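Novice: I have a structure I would like to understand better, so I am pasting it below and will then ask my questions one at a time.
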Amino acid sequence: MAADLGSHSHDHSHFPGERRPLVIDRVHPSCRLASACAWIALAAVCRDAWILSMIMAVWTLLALAFGPAPGQTLSRMGGLALALLPAWAILPLFGDGEGFELMGLGFHFSGLSSAAALQAKSTAILAMVLFHGGDTPWNKWVWGARKIGAPRSLVSLFTFTLRYMPLLAEEGKRTMTAARARGFDGGFGTRGYAGYASIIGSGLVRSYHRSERVTRALQARSFGGDYHVLSEPDLGKADLGFTIVSIALAAAPLAYRFLIAG
Amino acid sequence: MNEVNPPDAGSVEISGLSYSYPGGIMALEKVSLEARPGEKLGLIGPNGAGKSTLFLCILGLVEGFMGEVKVGGLSATEKRDLGRLRREVGLVFQDADDQLFNPTVIEDVAFGPLNLGLPKEDALQRSETALAQVGFPSELFERPPHMLSGGQKRRAAIAGILAMEPSVILLDEPTSDLDPRGRRNLARLLSSLPQTMLIASHDLEFVLMTCDRVALLNGGRKITEGETRVVMADEALMEENRLEKPHSLIAHKHG
């Protein structure tokens, strides 16, 4: 017998904002994870300003051209630039070598160069993450992480965090609304901080209680610590090809620097 | 290790069950209950009566309770029986979000069968059958649980239990997030299922629709047990235990 427990009015046959799949979404998540790791490692260790600039430019263009929502990509990069503004102000103060004086403070070119490198690295890494991420739902990243041999406990932690994040955010919003409905107006005064602290505190307590209930729900369904999944997509030749080409390209600048340039 | 004997399958026997929360607050005090195979037994009572804790004890999900809990001959106090017992008993949690933690609905429903060691094909088949049984639309099988409505979550949670093919199903406040039509349809679905059921609910009309017998709990103690209509029609008893006689049992005067 099929039962209708109501809620047809809430049925969403399509996800809100659903778009056509991106080309990158066709590549197996594990291959994208491997590729992203290689490029992120390169961006993190690279000290050559020219190579770093090239990496940043290429990945920004790739993320804008083939990543999800170019407008959103640009706004995220803008947000990152704003977040890094303090680095531009602080790092030049602690550099060494030549520099200039402004409003009685000594600024060093080497510090400015460090700030520029930080900006380039962060922007490149963000672009890499956005490009490789595509529009892939998070459950497929779980498959990806499992496939490249991530520890089981880490994969389970990843799964639970991603599953319950929207729920915790929703609970947080509800608590904020309830607090506002009773006259809490936020702000940055002592009362404001105390209010935020109690909201965060109650959120943590609720999360703890939920984790206990989830553990019981897991045990009740015979969970023995080994997380099984129903379907894992197979790796194709194109996936492997993408990974090999991507990692080879990431390794090329390093090979050039260490083997050819010396 | 005890085995489930076919004549015992689906039977629930609880005798002298007592449990205190850490800190000494008494949650259950010498509760004794029995449900025959296939029977639908309602558990009613005010907040804090001990209904949800009773379910946790049946599955051995809390430690340190006293007394005896047996399901199909398997004891919840014997550690070696717990694995088999949890295969025999399915618990539908009050908050469906506690139960639905997998990335997609179909993965979540298959979670139990996969834990039972079923091959993926069989687990998938069982999951699809269970979802069809509760009327869950197939186009939402791949939907993440947090994007479902309350009714859809409830259906998915029940399907997750049905897919494990238990002989006993425990339902904790199953109508808490359902609209009236959904509630009526859930009552129809539960009545059509052959499993033994223990249904804890404040929704007395729902219990009246689904259960032939009820046990009334208050303050961790069993106050009475009997035929649903008889217990619920006792206005004084209901009032004493912070409950109300269901509207459908109140005789209406016409004219």
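Novice: Give the residue, chosen from A:D226, A:D239, that is surrounded by 15 or more Cβ atoms within 10 Å (Cβ to Cβ), in contact with a Lys or Arg (Cβ under 9 Å, 6 or more places away or on another chain) and of a type in the set (D, E, K, R).
Specialist: A:D239
Novice: Let me ask something else. Evaluate the following for A:D96: is it free of Cβ contacts under 8 Å to residues at least 60 places away in the same chain, of a type outside the set (K, R) and assigned to a loop (DSSP other than H, G, I, E, B)?
Specialist: The answer is yes for A:D96.
Novice: Follow-up question, since we're still on this one. Having 2 or more residues that are in contact with a Lys or Arg (Cβ under 8 Å, 6 or more places away or on another chain) is the bar; report the helices (runs of 4 or more DSSP H) wholly within the stretch B:12-99 that clear it.
Specialist: Those helices (runs of 4 or more DSSP H) span B:96-99.
Novice: Here are the criteria: (1) closer than 14 Å to A:A120 by Cβ; (2) surrounded by fewer than 18 Cβ atoms within 10 Å (Cβ to Cβ); (3) at pLDDT below 90. Tell me which single one A:I90 does not satisfy.
Specialist: Condition (1) is where A:I90 drops out.
Novice: Answer yes or no: is there a residue in the stretch B:154-172 that is without any contact (Cβ under 8 Å) to a residue 40 or more places away in the chain, under 19 Å from B:I199 (Cβ atoms) and at the interface with another protein chain (Cβ under 9 Å from one of its Cβ atoms).
Specialist: Yes, the stretch B:154-172 has at least one match.
Novice: I'm trying to understand the selection: among the residues of the stretch B:41-70, which are more than 13 Å from chain A (Cβ to nearest Cβ), in contact (Cβ under 8 Å) with a residue 60 or more places away in the chain and buried (at least 21 other Cβ atoms within 10 Å of the Cβ)?
Specialist: B:L41, B:G42, B:L43, B:I44, B:G45, B:A49, B:G50, B:K51, B:L54
Novice: Right, B:K79: within 27 Å of B:S176 (Cα to Cα) and out of contact with any Pro (no Cβ under 7 Å at 6 or more places or on another chain) or not?
Specialist: Answer is no for this residue.
Quick grid of which residues meet (1) assigned to a helix (DSSP H, G or I); (2) within 14 Å of chain B (Cβ to nearest Cβ):
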{"site": "A:S202", "(1), (2)": "yes, no"}
{"site": "A:V214", "(1), (2)": "yes, yes"}
{"site": "A:L218", "(1), (2)": "yes, yes"}
{"site": "A:F223", "(1), (2)": "no, yes"}
{"site": "A:L235", "(1), (2)": "no, no"}
{"site": "A:G241", "(1), (2)": "yes, no"}
{"site": "A:A255", "(1), (2)": "yes, no"}
{"site": "A:L259", "(1), (2)": "yes, no"}
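Novice: Hey, another quick one. State whether one or more residues within the stretch A:178-200 are free of Cβ contacts under 8 Å to residues at least 40 places away in the same chain, of a type outside the set (A, V, I, L, M), surrounded by 14 or more Cβ atoms within 10 Å (Cβ to Cβ) and within 30 Å of B:I58 (Cβ to Cβ).
Specialist: Scanning the stretch A:178-200, I find no residue that is free of Cβ contacts under 8 Å to residues at least 40 places away in the same chain, of a type outside the set (A, V, I, L, M), surrounded by 14 or more Cβ atoms within 10 Å (Cβ to Cβ) and within 30 Å of B:I58 (Cβ to Cβ), so the answer is no.
The values are calculated or read from the model by the stated rules, or taken from the named source; none is laboratory data. These numbers were taken from a predicted model, which means no experiment stands behind them. Methodologically, a virtual Cβ is constructed for each residue, glycine included, from the backbone with ideal geometry; neighbour enumeration extends over all protein chains shown.
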